[in-house]
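One structure is given below, encoded as structure tokens.
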DNA sequence: AATATAATTTAGTTTAACCTAAAAAAATAT
DNA sequence: ATATTTTTTTAGGTTAAACTAAATTATATT
Ligand SMILES: [Mn+2]
Ligand SMILES: [Mn+2]
Ligand SMILES: [Mn+2]
Ligand SMILES: [Mn+2]
């Protein structure tokens with residue numbers, strides 16, 4: 001019944017993001033994600049297991065319970081709503097909001113989030129194209145495939161990013177490769193996996209690294 | 001150079017609020033304000049003295065330095081800007097925003113606060129009539145005397161509250177005794193110190209307790 | 001001035017969240 | 001199947017921020 005600490009919330013979020021649905025998540029994976037050590041994870045994971053937020057058996061890794069899932073989703077909901085607020089209302093850029101949202105996501109007040117959601121008019125996607133869970137934890141699934149997997153000579157719309165680092169986001173901004181933009185993939189260069197595309201009627205080349213971290217949605221025409 | 005912890009910030013804020021400009025503030029006073037114990041205060045105060053945020057000499061109490069002052073003002077600025085946001089934008093009521101602002105005031109990002117201030121159009125007063133310090137720590141001084149000190153047969157405007165408890169604020173709301181309202185003090189009852197006044201052309205009586213916690217500004221006519 | 005009371009500090013614990021180093025178990029390679 | 005490497009856990013230690021109880025200093029009362 002006791003409210004979760006910021007650390008507990010961060011562990012839950014990490015576990016949620018790392019869980020693929022298959023086997024349990026190892027303490028090393030969690031430690032790496034949180035920039036902490038495996039020994040610390042073992043301790044915390046025992047505590048979270050007692051609170052029924054996950055199941056844990058020695059050496060078997062960790063699996064979030066339903067309660068753990070919904071708790072993590074509530075935190076992610078807060079994170080993404082705040083990011084949306086920071087970009088759409090306060091006019092911060094999409095590369096500087098994540099760190100602030102990492103703090104804001106731990107503010108405790110159901111009413112606050114309800115009111116914020118309404119104030120923002122119930123947004124469905126955050127500034128990086130990630131879906132915002134609603135009050136019940138439901139979210140739309142729009143994000144699609146990597147741009148590097150798209151066949152040449154097809155059109156696509158940019159829907160999200162895989163890498164959320166400020167450096168990457170700033171770079172995309174400079175190249176005008178932002179969420180919602182429509183592009184045409186012309187061809188992929190076999191030598192370095194770079195991609196030639198057309199954006200705003202102008203031809204450009206982007207590196208393999210960028211193509212692999214851009215999510216797009218194929219469109220007809 | 002290291003950023004302050006939430007605890008350190010709360011101690012600084014308490015010290016700022018308790019400091020009258022005369023003698024040093026005792027550890028008991030601080031402990032009472034923060035719902036902690038004097039022994040804990042002694043410890044923390046030594047740490048804050050090392051960081052040059054206050055001066056401390058054994059048994060002599062504590063006095064904030066200039067650095068301590070400006071740091072406290074920056075936190076208060078954040079608190080009040082957030083309260084203004086919560087009431088004016090999110091439409092929370094003035095009795096439910098303080099606890100949320102207690103959390104939000106510790107979010108670290110200069111840019112965030114700058115942008116929030118601009119988004120809110122640089123408000124000068126928070127929902128309780130308290131002045132919001134600007135970026136440089138400057139704030140207007142409008143709050144005036146206690147309503148219980150006003151002479152009968154004079155007009156006044158409600159400018160603030162001394163008691164910030166939700167119970168008191170809710171009660172004021174119900175009585176329509178909110179910031180900005182103009183009233184006429186008719187007379188003070190010697191028996192129980194209650195005050196008779198006219199609000200919106202209607203006569204009403206308010207208890208000594210209310211009068212003592214309402215701040216007003218005398219006006220002509 | 002001596003004594004009682006109150007305020008403050010010191011000493012020693014507790015808890016959460018981290019750490020390192022060593023031990024144990026599991027996975028992988030020979 | 002055995003040996004090596006990797007992963008995970010355990011044991012023991014650190015730090016920040018709280019606590020209680022006891023000792024000390026300051027203030028108030030007689
Ligand atoms: Mn983010
Ligand atoms: Mn995001
Ligand atoms: Mn407040
Ligand atoms: Mn206020």
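The values are calculated or read from the model by the stated rules, or taken from the named source; none is laboratory data. The shown structure was predicted, so the numbers you read here are calculated from the model rather than taken from an experiment. Quick reminder, even Gly has a Cβ in these numbers, built from the backbone with ideal geometry, and neighbours come from all protein chains shown.
Being surrounded by fewer than 16 Cβ atoms within 10 Å (Cβ to Cβ), in the same structural domain as residue B:180 (by TED's automatic domain parsing) and either more than 15 Å from ligand 3 (Cβ to nearest atom) or within 20 Å of residue B:17 (Cα to Cα) (or both) is a property that holds for residue B:151.
Can you tell me which residue among A:157, A:220, A:208, A:174 is more than 30 Å from residue A:99 (Cβ to Cβ) and away from DNA strand C (no atom under 16 Å from the Cβ)?
Numbers: A:157 fails: more than 30 Å from residue A:99 (Cβ to Cβ); A:208 fails: more than 30 Å from residue A:99 (Cβ to Cβ); A:174 fails: more than 30 Å from residue A:99 (Cβ to Cβ).
A:220 is the lone residue from the list that is more than 30 Å from residue A:99 (Cβ to Cβ) and away from DNA strand C (no atom under 16 Å from the Cβ).
Residues in segment A:88-110 that are more than 23 Å from residue B:102 (Cβ to Cβ), within 16 Å of the chain's Cα centre (by Cα) and surrounded by fewer than 21 Cβ atoms within 10 Å (Cβ to Cβ): A:95, A:96, A:98.
Residues that are under 30 Å from residue B:69 (Cβ atoms) and modelled with pLDDT of 95 or more: which strands (runs of 3 or more DSSP E) entirely in segment B:131-221 hold 1 or more of them?
Values: elements: B:154-161, B:182-188, B:195-199, B:202-206, B:214-219.
Once the strands (runs of 3 or more DSSP E) in segment B:131-221 are filtered for at least 1 residues that are under 30 Å from residue B:69 (Cβ atoms) and modelled with pLDDT of 95 or more, what remains is B:154-161, B:214-219.
Within segment B:80-87, not a single residue is surrounded by 19 or more Cβ atoms within 10 Å (Cβ to Cβ) and in a loop (DSSP other than H, G, I, E, B). Scanning segment A:29-45 for residues that are in a helix (DSSP H, G or I) and within 24 Å of the chain's Cα centre (by Cα) returns A:29, A:30, A:31, A:32, A:33, A:34, A:38, A:41, A:44, A:45. Taking the criterion of being closer than 22 Å to residue B:157 by Cβ, in contact (Cβ under 8 Å) with a residue 40 or more places away in the chain, within 16 Å of ligand 4 (Cβ to nearest atom) and part of a loop (DSSP other than H, G, I, E, B), would at least one residue in segment B:102-125 satisfy it? Yes, the conditions are met somewhere in segment B:102-125.
Checking every residue in segment A:189-196 against the condition of being at positive phi and away from every other protein chain (no Cβ under 14 Å) gives at least one match.
The rows are residues; the columns are (1) over 30 Å from residue B:188 (Cβ atoms); (2) within 14 Å of chain A (Cβ to nearest Cβ); (3) in contact with a helix residue (DSSP H, G or I) (Cβ under 6 Å, 6 or more places away or on another chain).
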position: B:97; (1), (2), (3): yes, yes, yes
position: B:103; (1), (2), (3): yes, yes, no
position: B:124; (1), (2), (3): yes, no, no
position: B:129; (1), (2), (3): no, no, no
position: B:133; (1), (2), (3): yes, no, yes
position: B:140; (1), (2), (3): no, no, no
position: B:147; (1), (2), (3): no, no, yes
position: B:152; (1), (2), (3): no, no, no
position: B:158; (1), (2), (3): no, no, no
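With respect to (1) exposed (fewer than 12 other Cβ atoms within 10 Å of the Cβ); (2) outside any helix (DSSP H, G or I); (3) at pLDDT 95 or above, the lone exception for residue B:55 is condition (1). For segment B:59-73, a residue qualifies if it is part of a helix (DSSP H, G or I) and either in contact with a helix residue (DSSP H, G or I) (Cβ under 6 Å, 6 or more places away or on another chain) or away from ligand 4 (no atom under 16 Å from the Cβ) (or both), and the qualifying residues are B:66, B:67, B:68, B:69, B:70, B:71, B:72.
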